[in-house]
Amino acid sequence: MEDNNTVRYSDKDLAEFKALIQEKIVVAQEHLQLLRSAYMNDLNNGTDDTSPTFKAFEEGSETM
């Protein structure tokens, strides 16, 4: 014989569970976006400070 014990949750418990799941989904989507941006490297990091040119002291003094 099989014992079929079905657990019934209240509406309050289900709403609490739904809120927890939705929070986890939001966090997971944020992590996914961070990982995607890390491997796609689509952010504009700029190359103004890495260009291989010589600058006069006055031009470079803004970074000091």
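The values are calculated or read from the model by the stated rules, or taken from the named source; none is laboratory data. These numbers come from a predicted model, not from an experiment. Glycine gets a Cβ as well: all are built from the backbone with ideal geometry, and neighbour counts include every protein chain shown.
So here's what we get for this one:
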item: Members of the range 21-64 that are aliphatic (A, V, I, L, M) and at pLDDT 60 or above; result: ILE21, ILE25, VAL26, VAL27, ALA28, LEU32, LEU34, LEU35, ALA38, MET40, LEU43
item: Check on LYS18, charged (D, E, K, R) and at pLDDT below 95; result: no
item: Close pairs from the range 14-40: first part of a helix (DSSP H, G or I), partner of a type outside the set (Lys, Arg), Cβ under 9 Å, at least 6 apart; result: PHE17/TYR9; ARG36/ASP42; SER37/LEU43
